[in-house]
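The values are calculated or read from the model by the stated rules, or taken from the named source; none is laboratory data. Everything numeric here is computed off the predicted structure, so don't read it as measured data. Methodologically, a virtual Cβ is constructed for each residue, glycine included, from the backbone with ideal geometry; neighbour enumeration extends over all protein chains shown. Quick note on the areas: whole protein, heavy atoms, side chains included, nothing else; ligands and nucleic acids left out. Shrake-Rupley method; radii C 1.70, N 1.55, O 1.52, S 1.80 Å.
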Amino acid sequence: VVYGIYRADNDMFVQYIISDWYGVAMSDDLPVDTDYYLLEEKGPEGFEPNTEPSHVHLQDACAPSRIDKYVVYDPIMGQIRIRKVNENGHPVNGVGFRIIRNHDGELVDTVYTTSDGEGLSTMLPYGFYMVEEFDWPIELAGGELQYVDITDYDTYDLLFVNYPSNGELVFRTIGTDQ
């Protein structure tokens, strides 16, 4: 996370500090008996930005000052709405979809369409997901895959269209028995 340190009395930029792997950020020496505020310039990927300034007063002139500030981040969450229709655009009920987190292959939700042909996932955290059709009426072709990248608080709409499954039956006579 990148924070800017600003003087509170005149909003003058002082310096940037960047947190390490453990979330710790340290500034250079700053004058004491001065009010400052921290403002997040760039937050962690996949989390809501923290837009509130955090006020700090340095007052210890004899020893290095240490002020601990704790910031809690809320993950960005989104939903996937699946709409399932046949070749004529009519809704298809009871079709099953698996939602799989792409980076580790974990099944995170299973959704079935209702009579209006729609199904809605649970709230899912920021990330890339595969939506796999796995249970569909036998008279329709199925098994389609689609991908969704959740990057914002939003509902991501997917449309799956199925067409009649067609095939042919071939009989062959082998030998002389008819």
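Key figures
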read-out	value
Carbon/sulfur fraction of accessible area - the range 1-52, other protein chains in place, 1.4 Å, %	52
For the chain, built as a Gaussian network whose Cα springs stay under 10 Å, the top-fluctuating residue of Glu52, Glu144, Glu118	Glu52
Exposure rule at most 15 other beta-carbon atoms within 10 Å, DSSP loop trypsin sites (Lys or Arg not before Pro): the chain longest free segment	70-171
Accessible area per residue, Å², the range 1-130 with all protein chains present, probe 1.4 Å	64
All-pairs alpha carbon distance profile, the range 51-163, 10 Å steps from 0, percent	13, 35, 20, 10, 9, 7, 5, 1, 0
In the range 1-107, the chymotrypsin sites (Phe, Trp or Tyr not before Pro) that fall in loop regions by DSSP, at most 12 other Cβ within 10 Å	Trp21, Tyr22, Tyr70
Amide H contacts under 5 Å for Tyr156, placed H, 5+ residues apart	Gln79, Ile80, Arg81
Integer Hz, Karplus 6.51/-1.76/1.60 couplings in order for the range 84-101, x for Gly and Pro	10, 9, 8, 5, 9, x, 7, x, 10, 8, x, 8, x, 9, 9, 10, 10, 5
Under-5 Å amide H pairs with Asn102, H placed in peptide plane, nonlocal only	Phe128, Tyr129, Met130
5 angstrom amide H check on Leu58, placed H, neighbours 5+ away	Asp33, Thr34, Tyr36
Where the Cα pairs of the range 77-127 fall when distances are cut into 10 Å bins, in %	26, 46, 23, 4
Segment Ile138-Thr110, length gained on full extension (0.36 nm per residue, minus Cα span)	8.1 nm
